[in-house]
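Asker: This is the structure I have questions about; it appears just below.
The values are calculated or read from the model by the stated rules, or taken from the named source; none is laboratory data. Predicted, not measured: the structure shown is a model, and the values here were computed from it. In this analysis, Cβ positions are derived from the backbone assuming ideal geometry, glycine residues included, and neighbour counts consider all displayed protein chains. These area figures cover heavy atoms from the full protein model, side chains too; ligands, DNA and RNA do not enter into them. Shrake-Rupley method; radii C 1.70, N 1.55, O 1.52, S 1.80 Å.
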Amino acid sequence: LDRARAHSKAWARSMEMIDVPQHGTVIWTEKDLDAHDYALLCAYTHPDTTAELLDLVTDWYVWVFYFDDHFLELFKRSRDLDGARAYLDALRAFMPADGQITEEPTNPVEAGLADLWSRTVPDRSEDWRARFAESTRNLLDESLWELANINAGRVSNPIEYVEMRRKVGGAPWSANLIEHACDAEVPAVIAASRPMEVLRDTFADAVHLRNDLFSYQREVHEEGELSNGVLVLERFLGCTAQQAADRVNDLLTSRLHQFEHTAFTELPALLDAHGVDPAARVQVGLYVKGLQDWQSGGHEWHLQS
């Protein structure tokens, strides 16, 4: 953990994420980065990974949270939808499915993505690279969906909200990084199966809803965000914030029960049906354990950060 803290701060500084104004605004000070403590998040959520992989995964989380705050300051506060769309389109050049990155970065988000992509994808299969590229693009596109809702003053209904967060939220991206941190890829033959999809969806729902509970005050009252599950239920049901939070917590709990049921009852049958060999079964087991570790670790980090 101490090594990852030192490494990620040095990396963020080298990418000009700390104390360097972006269009006249300092996104993060060193004090901000220390208070967020993304190394603690990654140590909690990936407790068995190596020191080298913990450094790399922590850099990824520094990058994704910096992107979120960078996008907030540059586009959400100004409600610049056209500028946001151009900014996100430019990022695609820094995560090619094949070959080298040929574009030159023009801001810390592009520089960080170029560096991380080059350090990560050579060690993974073509199937994993395709899944990770898609989840990274979806993660970036979520910001555009959120900005469009802010511009329209529109709060989603609960069904749309859960569906969109599954599609474009950060948790599917985190699930791909779990495979990398565990050095355990899900076999392509079962990656798109229903039980694996249920594990990803319930993981995603719980991660996003937990974040909504912890971040409600900051997101809704300080940042003017509209994409928060507590606010969605508060508006849709016409209830108090506390009543909405209780319902969000009930939904989170039900999703974790669904995750456990799928992992313990449906996954073994899936592996048998596809004749998955013993070595690949170990890989799947490590991945599922990684999803569980992320849930408990993410909860503890929210309490500490």
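Residue by residue, here is whether (1) outside any helix (DSSP H, G or I); (2) in contact with an Asp or Glu (Cβ under 7 Å, 6 or more places away or on another chain); (3) open to solvent by 60 Å² or more (accessible area, probe 1.4 Å) holds:
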position: GLU185; (1), (2), (3): yes, yes, no
position: MET196; (1), (2), (3): no, no, no
position: ALA204; (1), (2), (3): no, no, no
position: ARG210; (1), (2), (3): no, no, no
position: ALA269; (1), (2), (3): no, no, no
position: ALA279; (1), (2), (3): no, no, yes
position: GLY285; (1), (2), (3): no, no, no
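Asker: Looking only at the stretch 212-227, which residues are part of a helix (DSSP H, G or I) and either polar (S, T, N, Q) or buried (at least 22 other Cβ atoms within 10 Å of the Cβ) (or both)?
Answerer: From the stretch 212-227, those part of a helix (DSSP H, G or I) are 212-222; that's our starting set.
Listed by number, the residues that qualify are ASP212, SER215, GLN217.
Asker: Every residue in the stretch 253-267 that is among the acidic types (Asp, Glu) and open to solvent by 60 Å² or more (accessible area, probe 1.4 Å), please.
Answerer: Matches in the stretch 253-267: GLU260 only.
Asker: Sticking with this structure for a sec: Mind checking which residues of the stretch 142-160 are within 13 Å of ASP80 (Cβ to Cβ) and polar (S, T, N, Q)?
Answerer: SER143, ASN151
Asker: Test of understanding: among ARG129, ARG119, ARG85, which residue is of a type outside the set (A, V, I, L, M, F, W, C), assigned to a helix (DSSP H, G or I), under 18 Å from the mean Cα position of the chain (by Cα) and surrounded by 13 or more Cβ atoms within 10 Å (Cβ to Cβ)?
Answerer: None of the others qualify; the one that does is ARG129.
Asker: Being in contact with a Lys or Arg (Cβ under 9 Å, 6 or more places away or on another chain) and not polar (S, T, N, Q) narrows it down to one of LEU41, LEU54, LEU1, so name that one.
Answerer: When all the criteria are applied, what remains is LEU54.
Asker: Here is a further query. Would you confirm whether or not the stretch 60-75 contains a residue that is crowded, with 21+ Cβ neighbours inside 10 Å, modelled with pLDDT under 90 and more than 16 Å from the chain's Cα centre (by Cα)?
Answerer: Within the stretch 60-75, one or more residues are crowded, with 21+ Cβ neighbours inside 10 Å, modelled with pLDDT under 90 and more than 16 Å from the chain's Cα centre (by Cα).
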